[in-house]
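All of the numbers you see were taken from the coordinates with simple rules; none came from a lab. Since we're looking at a predicted model, the values are computed, not measured. When we count neighbours, we look across all protein chains shown, and the Cβ atoms used for this are built from the backbone with ideal geometry, even at glycine.
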Amino acid sequence: MRCSGWDCHSYCCSSDSWSSVAWRVALRKISSTQGDARIIVDGIGKTFVLRHTHSFKEAFIAVLRRKKISTVFKALDGVDFAVREGESVALLGFNGSGKSTLLKLISGVLKPDSGRVLTRGRVAGLIEVGAGFHPDLSGRENVFLNAAILGMSKREITERFDAIVEFSEIGEFIDTEVKHYSSGMFVRLAFSVAIHTELDILLVDEVLAVGDAPFREKCKAKIAELSSQGKTMLVVSHDIDMVTALCERGILLRHGNVVFDGEIDKAVSALRAQDV
Ligand SMILES: Nc1ncnc2c1ncn2[C@@H]1O[C@H](COP(=O)(O)OP(=O)(O)OP(=O)(O)O)[C@@H](O)[C@H]1O
């Protein structure tokens, strides 16, 4: 849903609730107080249902034995923060702390159960290896598909096609169906498409880790260049050297809660202090 330049993903984002006067007033208030923000995460909560049975028979037996057939797991619990235009922020935390879930909520892949996410501007996300790609289409066809999803016109894509392929170093494999690509090749092409769009916000999950060392260096340089151009970055990575070099701020998650939000060096120290 869109209003005053903001896109909103909310637990109650039906067209009815969005068109309500209360929502629009709330949004104007946020816009006036957080004018330079690109991302606002406001009290986000996300739960997942964990099933403990695999079949109807197992579920039936579990009910007879008065055992739980599922439990509810809180992956994120009331997360709040805002990211200003031009900021580069690392999301840090141990496995399962909620980083990828948060990135998926910001990109709109998942919907929150409570709270809301507001983004202002064009969002390009590298969230999962192969996401946004159709396995039966060639690399060339997927460039057009993926770039169109990211909001580029056919003319823009045609103009930038050679640059996209060149950066990805996919070369002669561009007309091969992507189901035959390695995970590194997927990421090369996806990253290349994303950085050639007119993006305002770049969301990068751990995906770059599957690229080889020279390509990772190239991506890091590109992310630093985009950052110096004033683009907003939110990066999830366990590569502490990389996030320290690229980000000025770190948000540390633990069991779905923000436990630190501040300078990157202090965030890394807080992360290391958890490792005892
Ligand atoms: N679709 C899902 N169904 C059930 N549980 C899920 C689902 N997606 C995520 N989870 C759970 O939510 C928690 C947070 O997962 P998430 O992937 O966000 O963690 P993370 O911090 O990115 O971890 P990692 O560093 O390992 O990538 C985990 O316990 C995970 O098992």
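Side notes on the structure shown:
- Value of relative contact order over the chain, rounded to a whole percent, pairs C-alpha under 8 Å and six or more apart: 24 percent
- Shape class for region 126-274, computed from the alpha carbon gyration tensor (a ≥ b ≥ c): prolate, with a/c not under 1.5 and a/b above b/c.
- For region 157-224 and region 66-137, distance of Cα centres in Å: 21 Å
- Computed from backbone phi, the HN-Hα couplings of region 109-122 come to 5, 10, 10, x, 8, 8, x, 8, 10, 10, 10, 10, x, 7 Hz, rounded to whole numbers (Karplus: 6.51 cos²θ - 1.76 cosθ + 1.60, θ = phi - 60°; Gly and Pro given as x).
- Region 111-163 shape via C-alpha gyration tensor axes, a/c threshold 1.5: oblate
- Eligible lysines near K104 by straight Cα distance, threshold 29 Å, same-chain separation 8 or greater: K29, K46, K68, K74, K154, K179, K218, K220, K222, K231, K266
- Alpha-carbon gyration tensor eigenvalues x 5, square-rooted, for the chain, Å: 31, 25, 22
- Of the trypsin sites (Lys or Arg not before Pro) found in region 32-89, those in coil by DSSP whose Cβ has at most 16 other Cβ atoms within 10 Å are R65, R66, K67, K68.
- In a fully extended conformation the segment linking F94 and R155 would gain 17.7 nm over its present Cα-Cα distance, using 0.36 nm per residue.
- Rounded to 0.05, the FRET efficiency of the D113 and A224 pair, given R0 = 25 Å and the Cβ-Cβ distance, is 0.10.
- Rounded, prolate or oblate (a/c below 1.5 giving rounded, otherwise prolate when a/b exceeds b/c) for region 196-276 by Cα gyration tensor: prolate
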